[in-house]
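Each remark here refers to the structure printed beneath this line.
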Amino acid sequence: MIKAELPMIRLCYASIRVENDNDLLLDLSDILATAREFNAQQGIVGVLYYAEGTFFQCLEGESEKVIALFESIQKDGRHTDIYQFETVEINELHFRQWSMKYVNSNTKISNFFKKNGLHRFLPHQLSGEQIDGFLKILLQTANVEKPTKSNVGYQNRGYQNYF
């Protein structure tokens, strides 16, 4: 008997960062280090973008695995006010090169939001069609590679000095 492949989905959400004692770089480093390891093991791919106190993340992979991961993400105390966009069934993984791509804040993204009538980073106000456009920009933007780990200091915790 041939096992049928599970459907693949794209699940995107936006959330507000909870200000805490950790600085932003430490939070981003921890999120990325954890996501990259877990996602690689689970066959999940995606992208993370952060600007102006707001996270945007898109996850792609087998539906059951992505949904289970999102349920866990929703319990993370580093963010609140989670807004989930429509989950879409996909035929291919768009971010397949990255277990979790991180994109730095940049002018191209700022211009995209201004062009869509938003003068700051407010992804939860984008329509489904606009989300597709935003994802294309994120996909085309150069990836910030994870540096090799050092045995000392913040570098061993995944700190990336070019966030």
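Since every read-out is calculated from the coordinates, none of them should be taken as a lab result. The shown structure was predicted, so the numbers you read here are calculated from the model rather than taken from an experiment. Cβ sites come from the backbone with ideal geometry, for glycine too, and all protein chains shown count toward neighbours.
Under the √(5λ) rule applied to the eigenvalues of the Cα gyration tensor, what semi-axes describe the equivalent ellipsoid of the stretch 16-61? Give them in Å, descending. Mind showing how you got there, number by number?
Values: eigenvalues 92, 33, 8 Å².
The three semi-axes for the stretch 16-61 are 21, 13, 6 Å.
If the cut-off is 15 Å between C-alpha atoms, which aspartates and glutamates fall inside it for K114, apart from same-chain ones fewer than 8 positions away?
E52
Hey, how much of the P(r) for the stretch 1-140 falls beyond 22 Å, as a percent of Cα pairs? Spell out each step's value before the answer.
On the way: 3529 of 9730 pairs.
Cα-Cα pairs of the stretch 1-140 separated by over 22 Å account for 36 percent.
Rg and Dmax in Å for the stretch 78-136, alpha carbons only: what are they?
12.9, 34
Return the loop-located trypsin sites (Lys or Arg not before Pro) in the stretch 1-65 (DSSP other than H, G, I, E, B) with at most 12 other Cβ atoms within 10 Å of their own Cβ; answer none if there are none.
Details: sites: K3, R10, R17, R36, K65; in loops: K3.
Sites meeting the loop and neighbour criteria: K3.
Please identify every one of the GluC sites (Glu not before Pro) in the stretch 33-76 that sits in a loop by DSSP and has no more than 13 other beta carbons within 10 Å of its own beta carbon. Show your work: numbers first, answer last.
On the way: sites: E37, E52, E60, E62, E64, E71; in loops: E52.
Sites meeting the loop and neighbour criteria: E52.
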